[in-house]
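Here it is: the structure, laid out below.
The values are calculated or read from the model by the stated rules, or taken from the named source; none is laboratory data. In this text the structure is predicted, and so the values were computed from the model without any measurement. Cβ placement follows ideal geometry from the backbone for every residue including glycine, while neighbour counts extend to all protein chains displayed.
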Amino acid sequence: MKRVAAILLCMVIWLSSYGQKPVTSGYLNKTNYLNLRLATGLTYQHPGKPLSADEWRAAGGPTGGNSLKRELELIAGKVISNHLAVEVNYGYHTTGLDMASLRPGAITRTAQGTMYGDVYGFPKVTDSYLGLKFKLYSRKRGALAPLGFYHGFQLNMHRYKTDLSDVVIPIQVLPGVFGEYHFEQRIWYNRGVDANWSMGVNRAIGESVLLELGVSTGFSFGVSRSRNWESMELDRRVSYHLGQMLLRYNLNKVYFCVGYLI
């Protein structure tokens, strides 16, 4: 997180040179705006809908595979110069998580008994995040912030909450006697950062309404997780793997925004 703060500080210093320009016209002299953004895209090992262990069994033990993500963001933007705008965003979404790849191990020994490799159920993952985005509007294409074609760079800081309350792992308590293992720690929190590049176009309707369409791609890093997981108990291993799986989530999105100029 310290590295992220340092990057943001460098960007603010860099932006100061833009802020000194005397003329910033905006659109009809409006340089502030609010957006509501809906983003979607393919996910990896996120089935989209959480399932309890009982629902998972009733459905025949499905696997998550790929699904479409659904994210909602609130955005406040400011035109800094004729070709630069800065946005602050808050986003929120929920999804399920296919834990089949966790494979705690068919020979894992616990105080309750022998652990088997299946994980029954898709836990609910809640992701809330704050971000900062810089939009560079194309001079060559005649763009004038906040309208026209742009390239964007964005950093988001995520807080993931994974609820394992309804997820179980089958165990053998005694030879021929079977039971279920419930996680001792039902709620896990992970933090992470994603950086993405985007391109899109803004159009105005009337004097105040903004419409935006764009695509983005990028990578995630810094998801907090336990280290040396092979020597840790099962719950700590789960935390490690959750972090690994969440790293793959924030990539490749298509988004649509409706905004209002102030």
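Return a yes/no flag: does region 105-115 have any residue that is under 25 Å from the mean Cα position of the chain (by Cα) and either assigned to a loop (DSSP other than H, G, I, E, B) or at pLDDT 80 or above (or both). Break it down into steps so the answer makes sense when it comes.
Looking only at region 105-115, we keep the residues that are under 25 Å from the mean Cα position of the chain (by Cα), and these are none.
So far as region 105-115 goes, no, none of its residues is under 25 Å from the mean Cα position of the chain (by Cα) and either assigned to a loop (DSSP other than H, G, I, E, B) or at pLDDT 80 or above (or both).
So that you can scan it fast, the table gives a plain yes or no per residue for (1) part of a strand (DSSP E or B); (2) surrounded by 15 or more Cβ atoms within 10 Å (Cβ to Cβ); (3) at pLDDT below 85:
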site: Arg70; (1), (2), (3): yes, no, yes
site: Leu74; (1), (2), (3): yes, no, no
site: Ala85; (1), (2), (3): yes, yes, no
site: Tyr90; (1), (2), (3): yes, no, no
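A further question follows. Can you pull out the residues in region 130-156 that are buried (at least 22 other Cβ atoms within 10 Å of the Cβ) and either farther than 19 Å from Arg70 by Cβ or hydroxyl-bearing (Ser, Thr, Tyr) (or both)? Can you show your working first?
The first filter runs over region 130-156 and keeps only residues buried (at least 22 other Cβ atoms within 10 Å of the Cβ), leaving 135, 137, 145-146, 150, 156.
Matches in region 130-156: Lys135, Tyr137, Ala145, Pro146, Tyr150.
Being surrounded by fewer than 14 Cβ atoms within 10 Å (Cβ to Cβ), farther than 19 Å from Thr31 by Cβ and of a type in the set (Val, Ile, Thr) is the filter here, so list the residues in region 190-220 that pass it.
If the condition is that a residue be surrounded by fewer than 14 Cβ atoms within 10 Å (Cβ to Cβ), farther than 19 Å from Thr31 by Cβ and of a type in the set (Val, Ile, Thr), then Thr217 is the only one that fits.
Among the residues of region 116-158, which ones are in contact (Cβ under 8 Å) with a residue 60 or more places away in the chain, out of contact with any Lys or Arg (no Cβ under 8 Å at 6 or more places or on another chain) and over 30 Å from Thr94 (Cβ atoms)?
The answer is Ala143, Leu144.
Further, regarding this structure: Out of the residues in region 15-31 that are surrounded by 14 or more Cβ atoms within 10 Å (Cβ to Cβ) and not in a helix (DSSP H, G or I), state the one that is modelled with the lowest pLDDT.
Result: Thr24.
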